[in-house]
Amino acid sequence: MYLKRLFYVLLIAMSIPADTAFADNELNAILKKIDEKQKSVETMKGQFVQRKSLSLLQNEVVSKGTMYFKRPQRMVWEYKEPEKNTMIVNGNIVWFYLPDLKEATKFDLSQKAEIKSIFEKMAIGMGQSGEEMKKSYDVLFLKKVKKSDKNIIVLQLIPKDAAISNFFKKIHLWFEEDGALYKTELFERNNDMTIIEFKNMKFNTAISDSVFDFKPPKGVKVANPLQ
């Protein structure tokens with residue numbers, strides 16, 4: 001569960017397929033904006049709404065929370081409802097914290113090179129170049145749509161890498177006209193689907209480094225499965 005949750009977050013942490021070649025001049029111009037947006041962002045913060053459709057259940061599971069991102073490779077993904085839990089990424093160190101259960105799980109990616117390699121392939125936009133990204137995904141243009149007053153372009157990523165395709169059949173990335181990520185759709189192998197939509201995003205505002213530091217509170221049980 002923890003690995004899949006981490007993959008979700010890394011995929012949407014500025015999921016920007018830069019420099020992908022398309023024949024259409026208009027699409028090339030939009031992709032250039034996406035690339036420029038990625039390069040211009042040092043920090044971002046905002047809210048998200050996650051909708052999980054399970055193949056075995058009729059009703060979707062809706063979660064809401066707050067996210068923070070800061071280069072290089074720092075992120076907080078905090079679920080506030082219906083249940084509280086937090087993921088913190090700070091370089092090679094990843095924490096999952098369940099405050100109600102008083103449990104925390106720590107992953108030190110430097111301890112397992114093969115797992116770190118998978119995470120790096122999933123971390124589109126977190127230091128991965130466009131050429132590196134294209135080694136792991138086939139990128140296709142799907143459509144343009146209009147949402148309220150926003151013009152949206154939708155791209156599809158098909159995993160080439162077996163480690164990624166074990167989790168996802170395909171990924172749809174929805175971008176606003178200026179290159180900002182609007183929504184992500186993750187289609188899993190078991191026919192579950194996760195949609196994550198972003199709200200009130202703010203770019204390049206000051207975020208303290210301390211936001212990404214985590215020390216388990218007293219009484220919290222800590223597991224380290226990679227040791």
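Points to keep in mind about this one:
- Listed by first and then second residue, the pairs with beta-carbon distance under 6 Å, at least 6 apart or on different chains, first residue in the range 72-89 and over 25 Å from Ser40 (Cβ atoms), second of a type in the set (Ser, Thr, Tyr) and surrounded by fewer than 20 Cβ atoms within 10 Å (Cβ to Cβ), are Tyr79/Ser63; Asn85/Tyr79.
- Residue match in the range 156-173 (condition: among the aromatic types (Phe, Trp, Tyr) and under 18 Å from Lys32 (Cβ atoms)): no
- The residues in the range 197-227 that are surrounded by 10 or more Cβ atoms within 10 Å (Cβ to Cβ), in a loop (DSSP other than H, G, I, E, B) and not polar (S, T, N, Q) can be counted, and the count is 8.
- Residue within the range 76-93 that is of a type outside the set (S, T, N, Q), surrounded by 20 or more Cβ atoms within 10 Å (Cβ to Cβ) and at pLDDT below 90 present: yes
- Hey, Glu197 acidic (Asp, Glu) and more than 20 Å from Lys64 (Cα to Cα) or not: no
The values are calculated or read from the model by the stated rules, or taken from the named source; none is laboratory data. This is a predicted model, so every value here is computed, not measured. Methodologically, a virtual Cβ is constructed for each residue, glycine included, from the backbone with ideal geometry; neighbour enumeration extends over all protein chains shown.
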